[in-house]
Amino acid sequence: MSASQGIIIVASEPETVRSVSSAIVQSNRFPPGPVCLDIPELLRLLEKAPTPAVIIDLDPDPAHFLRELEPVIARYPHIRFIALSNELGSHIMLEAMGVGVRHMLSKTALAEQLMSVLGRVHVNGHAGKQAAQGSVVTILSAGGGSGATTIAVNLANELHLLDSEASLVVDLDSAYGGVAGYLGLRGRYGIADVLSAGARVDSNLISTTAMAHSPALHVLLSPATTSFSHPPSLQVEHLERAIEAFKSTYKHTVVDASRVGLDAAASLAAGSSLTCIVFQLTVKDVRVARDIQAGLIERGVTESRLVPVANRYWKRARTITVDEATKALGATPLLVSSDWKSAIQCLNYGKLLSEGAKRSPLRLDIQKLASRVAATPAARTKVIS
């Protein structure tokens, strides 16, 4: 294959071409490539030599340009397409994401934004050819109010504290969006937008869609958070590809999958290092946990990667004993202590347990779970093509 021709610019305005070229030079990562005026000319250039990225000005008709661009992106999935426009309305941004544009930038703050984006292209530009490296933990729930979201969010944070790598939390709750409520987040895009990309799901899409609660903790928001009145549906048939993209983007990913069906849960569990089934020591919860466990095993999930987690455990107040739960589940559950006061106080103030209840027995037990996750080999990975 011939050498890269640098970053291609598709624009007709001389000022835009100058600004983009200047930002590329200042980034000092890629050479500026040829400039073309339209999509047919872009196609001719792409057929001649590879390029790490294409920067395209969508003005004055973004919808028209995006329609023309969609088959080009499908034909060249490893190239990063970066779009520019004077207007960044939600409709255009969603349409751009839908056709496969990975970054949408405003021309009013072009230089700074573009340099930052090009830095990420330099790091992630060849991610499509690399095997995933990170691990995924799935949190399932045997009933509403089991505390699965509290475990998911704080587990992700404790995994970060173990090795200083940023963690990702994925919220699949289409009904309430508990992760955003816990952390006080609001946003337009989330996991539903990622899954809607289908074959275009990759590391770059994950990193640009995830919202940062802090440098240590990033979140893919639930459909209920991005649009509570009309939450978009989750295209769970693309979960397997998304899981591999999580692994290639983050060292640790925790998926809060409290309300998904068994088929989706099985897809998640198949790509997860561990799958925790969170329940309370009640007859109803133990029965549901047992049914979830049996359903996953029936769908081919390895039993050794399933971890029953008895949450809100308190020795003096329980409906059934740990021994009875163990007999029903065929495995001794991991016990997570009840500390309602600390849990609700952190929830009300949007604080992690490490911030608001450092010595809480609840936090200590989640730390033990984090250590177990860190010591567990990652599930089999695949190459994202």
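The values are calculated or read from the model by the stated rules, or taken from the named source; none is laboratory data. The model shown is predicted, which means the values in this text are computed figures rather than measured ones. Because the Cβ atoms are built from the backbone with ideal geometry, glycine has one as well, and the counts that use them run over all protein chains shown.
The table that follows gives values for the structure above.
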| read-out | value |
| --- | --- |
| Test: residue in the range 320-343 that is touching a strand residue (DSSP E or B) at 6+ places or on another chain (Cβ under 7 Å), assigned to a strand (DSSP E or B), of a type in the set (Val, Ile, Thr) and farther than 15 Å from THR138 by Cβ | yes |
| Single residue of VAL373, VAL322 found to be closer than 22 Å to ALA265 by Cα and modelled with pLDDT under 95 | VAL373 |
| Within the range 67-122, tally of residues that are assigned to a helix (DSSP H, G or I) and either touching an Asp or Glu at 6+ places or on another chain (Cβ under 8 Å) or not β-branched (Val, Ile, Thr) (or both) | 29 |
| Residue in the range 299-314 that is in contact with a Leu (Cβ under 6 Å, 6 or more places away or on another chain), assigned to a loop (DSSP other than H, G, I, E, B) and without any contact (Cβ under 8 Å) to a residue 40 or more places away in the chain present | no |
| Residue ID - modelled with the lowest pLDDT, chosen from residues in the range 274-318 that are surrounded by fewer than 15 Cβ atoms within 10 Å (Cβ to Cβ) and under 23 Å from TRP340 (Cα atoms) | ALA317 |
| Filter result for VAL254 (modelled with pLDDT of 95 or more, of a type outside the set (D, E, K, R), assigned by TED's automatic domain parsing to the domain that holds LEU306 and not in a loop (DSSP other than H, G, I, E, B)) | yes |
| Every residue from the range 257-281 that is of a type in the set (A, V, I, L, M) and not in a helix (DSSP H, G or I) | ALA257, VAL260, LEU274, ILE277, VAL278, LEU281 |
| Sole residue being of a type outside the set (D, E, K, R), more than 22 Å from ALA374 (Cβ to Cβ) and part of a loop (DSSP other than H, G, I, E, B), chosen from LEU234, LEU205, LEU239, LEU195 | LEU234 |
| Scan of the range 11-36 for residues that are hydrophobic (A, V, I, L, M, F, W, C) and more than 18 Å from ASN86 (Cα to Cα), ordered by number | ILE24, VAL25, PHE30, VAL35, CYS36 |
